[in-house]
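Notes follow once the structure below has been shown.
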Amino acid sequence: MQFEVDKDEFESSGYYDHKLIVDQKVTLYIVDYKEKTSGKGYPQLTIDNDVMEAVNDPDWKFNDRIFHTITFIPKGLPGHGIAVHFFKVLGFKPDEQGIMDIDLDSLIGKQYRAFAYVERGADGRKYQRVRNFEPIEPSDAMPTEAPRQEPAPEDDVPF
């Protein structure tokens, strides 16, 4: 079987490229996490985020989920500060001994902003990435569900 294709369209199709968020700030809402271990044996969390808002593009409607992996690199090694900054943005603080105790279930529902960009992997595919995390003040947090509407009292029903 043969059929003619548009070579330009073929080159640009696949891997959901049209759904990738390119170079803009997004508001993220943590919906889930998975605990893992890195190749070097360090604990990791893969954070599942719903994208609530593409700040620079109010008409944006794709890519409703961004995954981000946090690796807990030991103190004193390069990259340790990445996890520290991420959890600081989410409002966690270490105790006097420098221990940050995180109830992982308390991550669910937290919101933050990040810069979304696209990175090409070694396999040639494009991947969604986030960096430059920023806190969101509770007063600026976006609603995560539609406001509840109380049913009308029986005597107010017009029929």
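Quick check: is even one residue across region 137-147 at pLDDT 90 or above and assigned to a loop (DSSP other than H, G, I, E, B)? So far as region 137-147 goes, no, none of its residues is at pLDDT 90 or above and assigned to a loop (DSSP other than H, G, I, E, B). For residue 71, the test of being under 19 Å from residue 132 (Cα atoms), open to solvent by less than 80 Å² (accessible area, probe 1.4 Å), in contact with a Ser or Thr (Cβ under 9 Å, 6 or more places away or on another chain) and at pLDDT 65 or above is passed.
Check region 94-104 and report whether any residue there is under 20 Å from residue 136 (Cα atoms), open to solvent by less than 40 Å² (accessible area, probe 1.4 Å) and at pLDDT below 90. Yes: one or more hits. Taking only region 113-126 into account, find how many residues are open to solvent by 30 Å² or more (accessible area, probe 1.4 Å) and under 24 Å from residue 84 (Cβ atoms). Residues in region 113-126 being open to solvent by 30 Å² or more (accessible area, probe 1.4 Å) and under 24 Å from residue 84 (Cβ atoms): 4 in total. Does region 75-84 contain at least one residue that is modelled with pLDDT of 85 or more, basic (Lys, Arg) and either open to solvent by 90 Å² or more (accessible area, probe 1.4 Å) or not in a strand (DSSP E or B) (or both)? Yes, region 75-84 contains a residue that is modelled with pLDDT of 85 or more, basic (Lys, Arg) and either open to solvent by 90 Å² or more (accessible area, probe 1.4 Å) or not in a strand (DSSP E or B) (or both).
The values are calculated or read from the model by the stated rules, or taken from the named source; none is laboratory data. Quick caveat, the model's predicted, so the values are computed rather than measured. Counting neighbours? That spans all protein chains shown, and the Cβs are built from the backbone with ideal geometry, glycine included. Please note that ligands, DNA and RNA were not included when accessible areas were found on the heavy atoms of the full protein model with its side chains. Shrake-Rupley method; radii C 1.70, N 1.55, O 1.52, S 1.80 Å.
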